[in-house]
Amino acid sequence: MFRDGDAWNLVELKSATKAKPEHVTDAAIQTYVVEGTGLTVGKAFVGRLDKTYVYPGGDYDLDALFALDDVTDAVRDYLPAIPAKIADRKGMLGGPCPPDRIGKQCTSPSACGFFGHCHEFMPAFPVTELPYLSEKGLTALLDDERVPAQFGRPFRFIPATCSA
Ligand code: SF4
């Protein structure tokens, strides 16, 4: 964040070369939180790597290395939807446990933040790392009692914090 008069401009910095829709929603959530503290967000940007940048040697010119896309209007459009989404997520957290198994949902469409926690007991050569394995195939292997434990069985995961 950086000051802009009485307001603050917010940069949602991404390791990407172009802004994606989920970057805008991330910036909107950051804006929602910042404005919830009483600060005013003037502009919201998605910061990304500028792929036209060519390193000339010497010190990095960070103003040239990063490009800022102004997503203020899209963020403002999204903000009214956030309270309902928070209520929805709170409802989800109070609801029943999700399926108690690791699987492709752990890495797709993006890596889950709990990946390390849920996979800490993984064997050295788990069946989850077999290439080109469909979700159906993975599920079949996880349920197949003939698969030795060192390849991934037993594979049931019961979240310690989920008691429903
Ligand atoms: S919470 Fe655990 S099992 Fe569920 S998607 Fe994330 S890593 Fe996978």
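Given the options Arg146, Arg153, name the one that is charged (D, E, K, R), at pLDDT below 75 and over 24 Å from the mean Cα position of the chain (by Cα).
Only one candidate qualifies: Arg153.
Among helices (runs of 4 or more DSSP H) lying entirely in segment 32-149, which contain 3 or more residues that are within 13 Å of the ligand (Cβ to nearest atom)?
Qualifying helices (runs of 4 or more DSSP H): 115-119, 135-143.
Keeping to segment 65-87, report how many residues are free of Cβ contacts under 8 Å to residues at least 24 places away in the same chain and buried (at least 16 other Cβ atoms within 10 Å of the Cβ).
1
For segment 17-35, name all the residues that are under 13 Å from the mean Cα position of the chain (by Cα) and of a type in the set (Gly, Ala, Ser).
Result: Ala27, single match.
The values are calculated or read from the model by the stated rules, or taken from the named source; none is laboratory data. Because the structure is a prediction, the values reported are computed rather than measured. Ideal geometry is used to build each Cβ from the backbone, glycine not excepted, and the neighbour counts take in all protein chains shown.
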